[in-house]
Amino acid sequence: LALQAFYAQFKWDRLLQQGGAVFQFRGAANSGLLPASMVIPLLGVVMKERCRAAGIVYFERFGVVVASTGMLLALFLSVLAVGITKPVPTNTCILTGVAGSVIIYTMKHSLTVSEVIEVLEVLLIFVYLSMILLYLLPRCFTPGEALLVLGGVSFVLNQLIKRSLNVVEGRGDPIDFFLLVAVVGVVLLGLFFTVLFTFMDSGTWISSMFFHMMTAVLGLGVIMPWLYRLIQRNPLFWLLQFLFQTQTRLYLLVYWTCLAASACGVVFYQNAKRSSESKKHQASTITRKYFHFIVVATYVPGLIYDRQLLYVAAVLCLAVFVFLEYVRYFRIKPFGQTLRHLLSLFLDERDSGPLILTHIYLLLGMSLPVWLFPRSCAPKGSLPGAGALVPYSGVLAVGVG
């Protein structure tokens, strides 16, 4: 997989330089196909080995499904890259064919029929999401980022549909479903308003009122009942009870509120400098690193004292970030234009498309280790040995590194 992805990445990089790709990917960057192709399969292997060591058979099989899905998605994207390269690269086609044969042979001897169907379902969702989002959001992703982001969303959507259809009687753990429902909810919200605002101007007060009204309707009329069906309790009451359950959580919430206020202060201060200077002021890389410092200061106490609270808070923060990006992108009154002005100061070549995704990627990089291993979200001291470093990998790699 890595060998054929290396050759496919070389071809795709040349396509991006020549402007010959089918979709408009983010410029000033290589495709990133090689590392992106390896992330999901390696994640599945790690999940399989950890669950086998713990004797959890179900999640051991789940890790095999994740690895197989990642290999198939990476192979599909590589075949797409080779197919649109003119002239068709013979050596890369041979390598891709060999890799595809090995992957299919491995899946045949590793997966059951139901698991093969699940992998194909994720691939089908991935294809449709790619066609829709890459067309609607040009220059927002590199091919590697599209593989990771859209592949992750496709897997989450498939898991939520599967669990919703197979929900058992009794109360489910809200932690198991909170992230799934939040991700699918914000994606469906974005698709709905994207289609809607192709027929009407999103910058008027009437459109803005309709946006807020439909957000409330979809949230309270679709997302909340869906979550209620999965956990068999009122989601809002559960969330309030969860947030204020202990005194430690109250202290953490107050502390995080102060950090959020300081982050907003950095934004307002930098914009004040821009307005006071005659030349165009743009935030430097050093200034943007303030947010890395703030996010490290946010996550470390949460990881030490209450990882379950950090898990839920990160999910809520992701939903808020995506919602505010919708407000900014569609110019929803009264804050849409203000957000556009405030955040334009911090843009660089990575935000050349219509969306600003840098802060969302930062949040994802810090949160994924906690989200991917929710059973690790236990009180301090519950994870012996090297396993205790797993939730900190986002802080070490993204926040500090």
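The values are calculated or read from the model by the stated rules, or taken from the named source; none is laboratory data. These figures come from a predicted structure and were not determined experimentally. Please note: Cβ atoms are built from the backbone with ideal geometry, for glycine as well, and neighbour counts cover all protein chains shown. SASA here: full protein model, heavy atoms, side chains in, ligands and nucleic acids out. Shrake-Rupley method; radii C 1.70, N 1.55, O 1.52, S 1.80 Å.
If VAL88 satisfies all but one of (1) farther than 23 Å from PHE23 by Cα; (2) outside any helix (DSSP H, G or I); (3) among the aliphatic types (A, V, I, L, M), what's the number of the condition it fails?
(1)
Scan the range 211-234 and report the pairs whose first residue is under 16 Å from VAL327 (Cα atoms) and whose second residue is of a type in the set (Val, Ile, Thr) and assigned to a helix (DSSP H, G or I), with Cβ atoms within less than 9 Å and a gap of 6+ or a chain change.
If the second residue must be of a type in the set (Val, Ile, Thr) and assigned to a helix (DSSP H, G or I), the pairs left are PHE211/VAL327.
Given PHE321, PHE335, PHE330, which one is in the same structural domain as GLN241 (by the TED database), closer than 22 Å to GLY152 by Cβ and not small (Gly, Ala, Ser)?
Unique residue meeting the criteria: PHE321.
Hey, could you check the range 372-401 for residues that are touching a Phe, Trp or Tyr at 6+ places or on another chain (Cβ under 8 Å) and surrounded by fewer than 18 Cβ atoms within 10 Å (Cβ to Cβ) and say which is modelled with the lowest pLDDT?
Once the filter is applied, the top-ranked residue is LYS380.
Quick check on my filter: what residues within the range 73-96 are open to solvent by 40 Å² or more (accessible area, probe 1.4 Å) and not aliphatic (A, V, I, L, M)?
Correct list: PHE76, GLY83, LYS86, PRO87, THR90, ASN91, CYS93.
Scan the range 107-162 for residues that are in a loop (DSSP other than H, G, I, E, B) and assigned by the TED database to the domain that holds ARG14 and jot them down.
Passing the criteria: LEU111, THR112.
Looking at the range 165-176, is at least one residue among the basic types (Lys, Arg), over 23 Å from LEU73 (Cα atoms) and open to solvent by 30 Å² or more (accessible area, probe 1.4 Å)?
yes
Which residue, of LEU136, LEU179, LEU148, is closer than 22 Å to PHE62 by Cα and either open to solvent by 30 Å² or more (accessible area, probe 1.4 Å) or of a type in the set (Val, Ile, Thr) (or both)?
The match here is LEU148.
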